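Quick notes on the structure that follows.
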Amino acid sequence: MASPISKKKETPAITHRQKFEGHTCRIWGVIHLPGGQRIITCSDDGSIRVWNTKSGKQIGEDWRDGDSEVWSIALSPDGKKVVSGSYDGAVRLWDIDTCKVVKKWTEHTNAVGSVCWSRDGRRVLSGSWDGTARQWEVESGETMSEPIENILESIETGHEKVYAVVYSPDATLIATGGLDGPWTGGPIESSVKIWDAKTGELVATLKGHTDASVVPGLDHGRKNTYLRVIRFLD
């Protein structure tokens, strides 16, 4: 008796549920806010915008602090703040309720293309085209129940440009990804490096990306046992 032929299930086509129009240049970052009713976007037009996910309409005015392109955004673990990195080299901390900048760090000397938070919300990490990764203390030590001791402010990564940064879940390690040489039009070694967040010591170097790979996505496993890397342009 012949076995019945099983029909292969067709994958339904993916269609967008909503379209959000208003930005006038490239959009670099999108994040969901808690509750799923709002998203926040950042763009080369120099603005950060909040949108209603159901109506597709912008909520309130643009968030702006100068005219510099905004290249990266990240939501704080408590959902109350957003950190952004810009072409002018500044890292800005925004309050979601007031839509205003509450802190601004300007030690980077080139564009900031990646930002992220530690899971406890006490530190922000940024990666820049100046080749450094920097850590920022969000609150002063006096307001913390357990002040951060001896925070390492900057790591000279050896990357020509840092395109991606991420903390490990316990914030003891930092991963950076970027170009390891100047742009020449040909293949470029592009590595991922793991650092001790407290001492700045290089723990490991992961090689393999070439040809202008900017390694735009890094994600540590929950127990620091693995690292997901997103390839791009190689």
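A few points about this structure:
- When you filter the trypsin sites (Lys or Arg not before Pro) in the stretch 80-145 for DSSP loop state and at most 16 other Cβ atoms inside 10 Å of their Cβ, you are left with Lys80, Arg119.
- Cα gyration tensor shape of the stretch 1-103, rounded if a/c is under 1.5, else prolate or oblate by comparing a/b with b/c: prolate
- Accessible area per residue, Å², the stretch 71-144 with all protein chains present, probe 1.4 Å: 41
The values are calculated or read from the model by the stated rules, or taken from the named source; none is laboratory data. As the structure is a prediction and not an experimental result, all values here were calculated from the model. As a convention, Cβ positions derive from the backbone with ideal geometry for all residues, glycine included, and neighbour counts pool all protein chains shown. All accessible areas refer to the heavy atoms of the entire protein, side chains included, with ligands and DNA or RNA removed. Shrake-Rupley method; radii C 1.70, N 1.55, O 1.52, S 1.80 Å.
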